[in-house]
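Each reported figure results from applying straightforward, stated rules to the coordinates on display, with no laboratory input. Being a predicted model, the structure only gives us computed values, none of them experimental. Glycine also receives a Cβ, built like all others from the backbone with ideal geometry; neighbour counts cover every protein chain displayed.
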Amino acid sequence: MPGPASHTYFSQRLRLHYVDWGNPEAPPMLLVHGGRDHCRNWDWVAQAFAEDYHVIAPDLRGHGDSQWMLGGSYTVSNYVYDIAQLLNQTKLTPVTIIAHSLGGMVSLRYAGVYPQNVVKLVAIEGLGWPPKMVAERAARSTQENFAIWVESLRKLSARNPRKYPDLATAFQRMQEENPHLSQVQARHLTVHGINQNEDGTYSWKFDNYVRADPPYAMGVTEGEALWLNITCPTLLVRGLDSWASDPEADGRARHFRHARFVEFADAGHWVHHDQLDGFLTTVREFLAA
């Protein structure tokens, strides 16, 4: 299958990138990647659904081929705005969304703000940090959170993007990050996730500032209210080898009105890579129901 076409759009004066797999007469599907990832990590999923859907996949700001923002504050709210702008400008609503990690957080909030715009939603480990970690942060004072944020930005400002002497070394790093990946997957993700520097070395495309958590965030109660506002059928996906906690066991699943929950063995945080065939089968059954 031919690769997707690249397009740009603007959000808060940033030039952002997305790919379009064609088939414009079909129902729209949006694929939203996670933190420090890029839109081409969805290629296998996009190819599987491109005959039945008009598939688009954006690079979030600071990621992939999208522009980096001035300053160092990347927030979930900004990402939600970017997705809202993309769907508004392309007029691709109502839409089916499949999203991973940070992209899942963004998509769940978008669906809570604009429930009429989402037909069905699949979120792979998109509920954010486990409740224990959220509680630990909430227990800190505002002063502590701001001080931690300032210090983290100072450290990131002194951190140069890591340079790899060749693609093979970057490929090896990709495999170390996710040992579940096949060599074909790791090579594909590396080629599309890296730029060559002027001196001939290679660096990942994402902005290091995306690593910094802002000193303020939407409260747990407000986030749960948005989840409750989602009206479309929702599939929550988790890998049993991941750091993500069980949303049924920790109570977060009860804040969804129309959610199913599924776990995958032998899968880490990137379920759509680690168990691609099983993931596609499950999602197809969910979308057909």
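Charged neighbours of Phe171, selected by a Cβ distance under 12 Å, balance to -1 (K, R count +1; D, E count -1).
Here is how the number arises for the chain: DSSP H runs of 4 or more residues each give -39500 (n - 2.57), the sum is divided by the residue count, and the result at 222 nm is -11000 deg cm²/dmol. Comparing Trp204, Trp243, Trp42 in a Gaussian network model of the chain, where Cα atoms under 10 Å apart are tied by springs, the biggest mean-square fluctuation is seen for Trp243. Spin-label model, Val191/Thr221: points 7 Å from Cα along the beta carbon direction are separated by 5.2 nm.
Kindly list the residues of region 218-232 that lie in the label zone of Asp250, defined by a backbone N under 15 Å from the point 7 Å along the Cα-to-C-beta vector. Zone members listed by number: 220-221, 223-224.
Ranked highest first by the average count of other Cβ atoms within 10 Å around their residues, in what order do 260-269, 59-68 fall?
Working: 260-269: 16.6, 59-68: 23.0.
Ranking the peptides 260-269, 59-68 by packing returns 59-68, 260-269.
Computed from the Cβ-Cβ distance with R0 of 22 Å, the FRET efficiency linking Ala26 to Asp277 stands at 0.45. The 3J(HN,Hα) values that the Karplus relation (6.51, -1.76, 1.60; θ = phi - 60°) gives for region 250-258 are, in residue order, 8, x, 6, 4, 5, 8, 10, 7, 9 Hz. Gly and Pro appear as x. When DSSP beta bridges are restricted to pairs lying wholly in region 124-266, around 35% turn out antiparallel. Region 272-289 and region 84-101 have Cα centres spaced 20 Å apart.
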